[in-house]
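Here is the structure we will look at.
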Amino acid sequence: MKKGIVAALSVLFLLGGCAPTFEKQDQVVQENKSDEGEKAIIPSFQISEDYYKTMLPYETSETRGVVVNDLGSRYDINEIETGLMRVAQNQFPTDEYFFKEGKYLDKETVDSWLQRKYTSKQLKDKKMKESENIGLNPVQEDGETEPIYLAHLVEHNYLMKTEGDKVRLGGVVIALSLNSVQYETNMSSGARTVKNISNDELKQQGMKMAEEVVKRLRQKDGLKTAPIMIALYKQAPKDERVPGHFFAYSVAGNGEDSIQDWKDVNESHYLFPSPEAADAHPNDYKVFKTLKDDVEDYFPVYTGLTGQALYEDDKLAKMDFEVALTFEGKTETIGFAQHLASMITKHVPEGWDMKLTISSSDGPEALIVKKKGSKETYVHIYE
């Protein structure tokens with residue numbers, strides 16, 4: 001337990017680039033139907049301008065945990081949350097808005113929206129009422145193989161400070177996680193086939209669902225006028241080793257119940273090493289290969305260097321490396337971490353924002369962080 005706490009605090013401090021200043025936190029009143037409202041706290045410390053401050057006490061969404069069941073790849077679970085925060089910053093700047101988990105969509109609502117739309121006959125067979133026929137996925141008639149496009153919904157709320165130390169809802173952001181492949185099983189043979197869903201088809205279906213989502217949200221108390229952003233996420237296939245990505249978003253402004261235009265999001269993830277990464281980003285791949293070869297020359301007990309990179313507008317936004325070790329002993333770990341830190345300083349471009357985790361069968365052993373715009377590295381050895 002102690003090891004986990006030390007790790008969490010180390011990451012927090014390192015990613016901030018300096019030690020935090022614990023100034024007095026702001027106590028505010030969150031506006032609601034009550035005349036008195038609810039008291040909340042805005043923390044004074046912010047990791048960086050890339051992250052939102054979070055309202056305290058922290059309130060979890062009613063849909064917490066549902067995402068784990070609905071997303072096919074474990075890599076998508078974290079990415080859809082963190083990626084949605086990146087997209088949200090296009091409309092809700094981190095220096096003006098505060099993050100809060102979604103409160104307008106409960107588990108029952110999300111589950112019902114993820115279902116298919118049914119025909120009158122199907123409703124009768126399922127003994128359902130027409131008022132329950134609110135699935136966003138398309139109807140599938142007998143004998144058809146219509147894809148399930150929508151896999152999950154994620155809701156984030158963003159609050160803004162108003163006069164008199166009060167905060168109110170500034171906007172709602174919804175991610176529609178869309179399947180990129182369709183899995184079909186032959187009932188007689190049991191064989192499973194995989195069919196890719198084109199980007200155009202995915203975007204068309206996502207835009208259609210987004211219109212309906214906005215109309216439904218406008219009917220909820222508290223959402224009559226607030227801006228609503230809808231972001232479309234392309235989920236990775238189950239066997240992928242990198243997550244999917246957001247590819248479009250749009251905003252329904254104050255009181256609008258329809259979406260006027262969509263903006264593209266140019267994001268992509270690459271696995272290092274892989275032929276795809278080598279072809280798409282040869283210069284970055286060369287840096288990776290130099291580090292990999294250097295480590296192999298000096299540490300024969302090292303078992304592999306891998307990386308996962310996020311690109312925004314075809315430029316490297318962040319690189320997360322991981323090194324797996326087979327040896328044991330703190331002195332070896334320290335020596336290995338020191339060598340890697342020096343190689344990063346020597347070979348990695350100043351423009352890279354990167355993190356390298358050294359791990360063994362016992363878990364994380366060391367963490368090395370280099371922030372964008374600096375050659376300096378920060379090293380933490382886990383106790």
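The values are calculated or read from the model by the stated rules, or taken from the named source; none is laboratory data. Just so it is clear, the model here is predicted, and its values are computed rather than measured. Please note: Cβ atoms are built from the backbone with ideal geometry, for glycine as well, and neighbour counts cover all protein chains shown. To get the accessible areas, we keep the full protein, side chains included, count just its heavy atoms, and leave off ligands, DNA and RNA. Shrake-Rupley method; radii C 1.70, N 1.55, O 1.52, S 1.80 Å.
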Considering only residues that are buried (at least 17 other Cβ atoms within 10 Å of the Cβ) and polar (S, T, N, Q), look in segment 130-164 and name the one that is farthest from N78 (Cα to Cα). N133
Hey, can you tell me all the residues within segment 260-278 that are without any contact (Cβ under 8 Å) to a residue 60 or more places away in the chain and in a strand (DSSP E or B)? D264, S268, Y270, L271, F272
So L217 passes all but one of these: (1) open to solvent by 20 Å² or more (accessible area, probe 1.4 Å); (2) modelled with pLDDT of 95 or more. Which condition number does it fail? (1)
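Scan segment 194-211 for residues that are of a type outside the set (A, V, I, L, M, F, W, C) and open to solvent by less than 70 Å² (accessible area, probe 1.4 Å) and jot them down. Quick ask: steps written out before the conclusion?
Restricting attention to segment 194-211, the residues satisfying the condition of being of a type outside the set (A, V, I, L, M, F, W, C) are 195-196, 198-201, 203-206, 208, 211.
The answer is S198, E201, K203, Q205, G206, E211.
Counting just the residues of segment 279-292 that are in contact (Cβ under 8 Å) with a residue 40 or more places away in the chain and farther than 22 Å from T333 by Cβ, which one comes out most open to solvent (accessible area, probe 1.4 Å)? So that I can check it myself, show each step before the final result.
First, pick out the residues of segment 279-292 that are in contact (Cβ under 8 Å) with a residue 40 or more places away in the chain: 287, 290-291.
The next check asks that each one be farther than 22 Å from T333 by Cβ; those that pass are 287, 290.
Details: V287: 22, T290: 51 Å².
It comes out as T290.
When you look at K103, is it among the basic types (K, R), farther than 21 Å from G206 by Cα and assigned to a loop (DSSP other than H, G, I, E, B), yes or no?
Details: among the basic types (K, R): yes; farther than 21 Å from G206 by Cα: yes; assigned to a loop (DSSP other than H, G, I, E, B): yes.
Judged against the criteria, K103 is a match.
Residues that are under 20 Å from A231 (Cα atoms) and touching a Gly at 6+ places or on another chain (Cβ under 9 Å): list the strands (runs of 3 or more DSSP E) wholly contained in segment 114-188 that include at least 3 such residues.
In segment 114-188, the matching strands (runs of 3 or more DSSP E) lie at 150-162, 166-179.
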First in segment 136-159 and hydrophobic (A, V, I, L, M, F, W, C), second anywhere and open to solvent by 50 Å² or more (accessible area, probe 1.4 Å) and assigned to a strand (DSSP E or B), Cβ under 8 Å, 6 or more apart: L159/R168
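Just to be sure before I move on: is S250 of a type in the set (S, T, Y), over 28 Å from L105 (Cα atoms) and open to solvent by less than 20 Å² (accessible area, probe 1.4 Å) in the structure I sent? Break it down into steps so the answer makes sense when it comes.
Details: of a type in the set (S, T, Y): yes; over 28 Å from L105 (Cα atoms): no; open to solvent by less than 20 Å² (accessible area, probe 1.4 Å): yes.
Judged against the criteria, S250 is not a match.
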If you check E350, E365, E383, which single one turns out to be closer than 16 Å to L305 by Cβ and either acidic (D, E) or without any contact (Cβ under 8 Å) to a residue 12 or more places away in the chain (or both)? E365
By residue number, the members of segment 356-383 that are of a type in the set (D, E, K, R) and farther than 14 Å from D320 by Cα are D362, E365, K375, E376, E383
Index of the failed condition, Y378 passing every other in (1) more than 24 Å from Y311 (Cα to Cα); (2) of a type in the set (S, T, Y); (3) touching a residue at least 40 places away in the same chain (Cβ under 8 Å): (1)
